[in-house]
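Taken together, the values in this text are just the output of simple stated rules run on the coordinates, not laboratory data. Given the structure is predicted, the values throughout are model-derived calculations rather than measurements. Reconstructed Cβ throughout: ideal geometry from the backbone, glycine too, with neighbour counts over all protein chains shown.
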Amino acid sequence: MKNLDLEEDAIMVDLGCGDGKALRFFSKEYRLKLWEWFDINPYAIFKWKLLNKRYRVTNIYLYKKNLFDVDLKKYDYIYVYLWETQLEMIEDWVWKEKKKNAVIISNSFRFKKHKPFKVYKNKQWVDTVFLYK
């Protein structure tokens, strides 16, 4: 994900952030305006808070909220690292609710109904990142 060309003044959201590892990475590698995470898992939220305190991350905000209650129109980048079955559940909603030119970054798994405009693979062709508009 180090090869992504992300705009500096952009706003990114991570849907279903887990322990927040992805956004800590993005926060370190890219200078985006705002980072937000959404998750409903109390364990993940607790772990996120501990890890961010440990790594002194202060520019990322976490909200305990159901994904479908998130207003996607304010985000320039939407990051997801969800199983294919989970992507199926949110695919129509994401495309209906996102900002017109928002870029969706999907780690490892593809959306079924949409074709990525760019695909990044590592040297071993194991890890894959799909970009959608």
Please report the net charge: other residues with Cβ closer than 15 Å to the Cβ of Glu8, K and R +1, D and E -1. -2
Violating pairs (Cα-Cα greater than 24 angstrom) within the set Lys47/Lys118; Lys65/Lys121; Lys73/Lys115: Lys47/Lys118; Lys65/Lys121
(1) -0.95, -1.01, -1.06, -1.21; (2) -0.70, -0.80, -0.91, -1.41; (3) -0.84, -0.90, -0.96, -1.18, with the label sought being that of the calculated log10 I(q)/I(0) by the Debye sum over Cα atoms at q = 0.15, 0.16, 0.17, 0.21 Å⁻¹: (2)
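How about the stretch 16-64: which trypsin sites (Lys or Arg not before Pro) there are in a DSSP loop, with at most 13 other Cβ atoms within 10 Å of their Cβ?
Working: sites: Lys21, Arg24, Lys28, Arg31, Lys33, Lys47, Lys49, Lys53, Arg54, Arg56, Lys64; in loops: Arg31, Lys33, Arg56.
In loop regions of the stretch 16-64 (DSSP not H, G, I, E or B), the sparsely surrounded trypsin sites (Lys or Arg not before Pro) are Arg31, Lys33, Arg56.
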Report ³J(HN,Hα) in whole Hz for each residue of the stretch 65-82, in order, from the Karplus equation J = 6.51 cos²θ - 1.76 cosθ + 1.60 where θ = phi - 60°; Gly and Pro get x. 7, 5, 3, 6, 9, 8, 8, 6, 5, 8, 9, 7, 10, 10, 9, 9, 10, 10
Quick one: if you stick a label point 7 Å off each Cα along the C-beta vector at Asn101 and Trp83, how many nm between them? 3.7
For the stretch 5-59 and the stretch 67-98, compute the distance between their C-alpha centroids and round to whole Å. 16
